[in-house]
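Enquirer: There's a structure below that I have some questions on.
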Amino acid sequence: QYSGTPQEGWDKETLAVEIIGDYCFRGASNLTQVTIPNTVTYIGGEAFEYAYKLKSLTIPESVEDVGWLAFARAGFEEIVLPASQSRWINNAAFQECPNLWKATFAEGNTIVQDRIFFGCEALRVVNIPEGVLEIGSGAFAGCSALQELQLPSTLQAIRNRTFRGCPLRKLEIPAGVVDIEGSAFLGTM
């Protein structure tokens, strides 16, 4: 278990964690829970990759960006993505998380990033709020348990390979969608 909160009696102003560096907890095989303080603005590439036993994770709104594969192949089962996810530059943050079955995007998100859940084979419940305008390229590609998805009425674009390989059985495209890129639904049915 790790908490970025300074110990009692320490000067919290000078010890506040702002960045979790690249590879910081990569392969931390016994890490089960992480509390990321709301002082953190950046989580580095592969920072929690292969943290197989990581069951609990809360990402605060203060996180402005995450590096490539920051949480890839980690063990958590559910994730709530803060609205700041819309500003993240890097892709594939949660790629191939084997136990992830539920993802919820908080109100205020405007985009689902490219490859964010690529290859999450257990993912079957996704909550996307109103206000989301775009679902990025390959965002849910290879999510072989994803059979149903409710898209927000605000959605305007579905990018390339977004749902490639998903066994979708029920999906209603909102009337406001004006751009569906090639291969967006390749191998879905």
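Enquirer: Can you say whether Gly119 is surrounded by fewer than 23 Cβ atoms within 10 Å (Cβ to Cβ), in contact (Cβ under 8 Å) with a residue 40 or more places away in the chain and within 14 Å of the chain's Cα centre (by Cα), as far as the supplied structure shows?
Expert: Spelling it out, it is not the case that Gly119 is surrounded by fewer than 23 Cβ atoms within 10 Å (Cβ to Cβ), in contact (Cβ under 8 Å) with a residue 40 or more places away in the chain and within 14 Å of the chain's Cα centre (by Cα).
Enquirer: Just checking: which of the strands (runs of 3 or more DSSP E) contained wholly in segment 48-144 hold 2 or more residues that are not hydrophobic (A, V, I, L, M, F, W, C)?
Expert: Fully inside segment 48-144 and qualifying: 56-58, 102-105.
Enquirer: Suppose we filter Gln150, Gln113, Gln156 for residues that are out of contact with any Pro (no Cβ under 9 Å at 6 or more places or on another chain), open to solvent by 50 Å² or more (accessible area, probe 1.4 Å) and of a type outside the set (Lys, Arg); which single one remains?
Expert: None of the others qualify; the one that does is Gln150.
Enquirer: Tell me, yes or no, whether segment 7-19 has at least one residue that is modelled with pLDDT of 95 or more, surrounded by 13 or more Cβ atoms within 10 Å (Cβ to Cβ) and either hydroxyl-bearing (Ser, Thr, Tyr) or more than 17 Å from the chain's Cα centre (by Cα) (or both).
Expert: Yes, segment 7-19 contains at least one residue that is modelled with pLDDT of 95 or more, surrounded by 13 or more Cβ atoms within 10 Å (Cβ to Cβ) and either hydroxyl-bearing (Ser, Thr, Tyr) or more than 17 Å from the chain's Cα centre (by Cα) (or both).
Enquirer: Right, something else. How many of the residues in segment 88-140 are under 15 Å from Asn160 (Cβ atoms) and of a type in the set (Phe, Trp, Tyr)?
Expert: Matching residues across segment 88-140 total 2.
Enquirer: Continuing with this model, one more query. Scan (1) at pLDDT below 95; (2) touching a Ser or Thr at 6+ places or on another chain (Cβ under 7 Å); (3) under 27 Å from Asn38 (Cα atoms); (4) open to solvent by less than 50 Å² (accessible area, probe 1.4 Å) for the single condition Asn91 breaks and write down its number.
Expert: Tallying (1) at pLDDT below 95; (2) touching a Ser or Thr at 6+ places or on another chain (Cβ under 7 Å); (3) under 27 Å from Asn38 (Cα atoms); (4) open to solvent by less than 50 Å² (accessible area, probe 1.4 Å), Asn91 fails exactly one: (2).
Enquirer: Considering only residues that are in contact with a strand residue (DSSP E or B) (Cβ under 9 Å, 6 or more places away or on another chain) and open to solvent by 50 Å² or more (accessible area, probe 1.4 Å), look in segment 23-40 and name the one that is modelled with the highest pLDDT.
Expert: Cys24
Enquirer: For the subset of segment 43-65 comprising residues that are among the acidic types (Asp, Glu) and closer than 19 Å to Asn30 by Cβ, which member is most open to solvent (accessible area, probe 1.4 Å)?
Expert: Step by step, filter segment 43-65, then rank; the result is Glu46.
Enquirer: Output the qualifying pairs, or none if there are none: Cβ atoms under 8 angstrom, residues six or more apart or on different chains, first residue in segment 168-189 and under 24 Å from Glu121 (Cβ atoms) and open to solvent by 70 Å² or more (accessible area, probe 1.4 Å), second residue modelled with pLDDT under 90 and of a type outside the set (Ser, Thr, Tyr).
Expert: Close Cβ pairs (under 8 Å, with a partner that is modelled with pLDDT under 90 and of a type outside the set (Ser, Thr, Tyr)) do not exist here.
Enquirer: Right, something else. Just the residues that are in contact with a Leu (Cβ under 9 Å, 6 or more places away or on another chain) and either open to solvent by 10 Å² or more (accessible area, probe 1.4 Å) or among the basic types (Lys, Arg) (or both), please, taken from segment 66-79.
Expert: Hits for segment 66-79 are Glu77, Glu78.
The values are calculated or read from the model by the stated rules, or taken from the named source; none is laboratory data. Keep in mind the model is a prediction, meaning the values are calculated, not measured. Ideal geometry is used to build each Cβ from the backbone, glycine not excepted, and the neighbour counts take in all protein chains shown. Note: accessible area is taken over every heavy atom of the protein model, side chains too, but ligands, DNA and RNA are not part of it. Shrake-Rupley method; radii C 1.70, N 1.55, O 1.52, S 1.80 Å.
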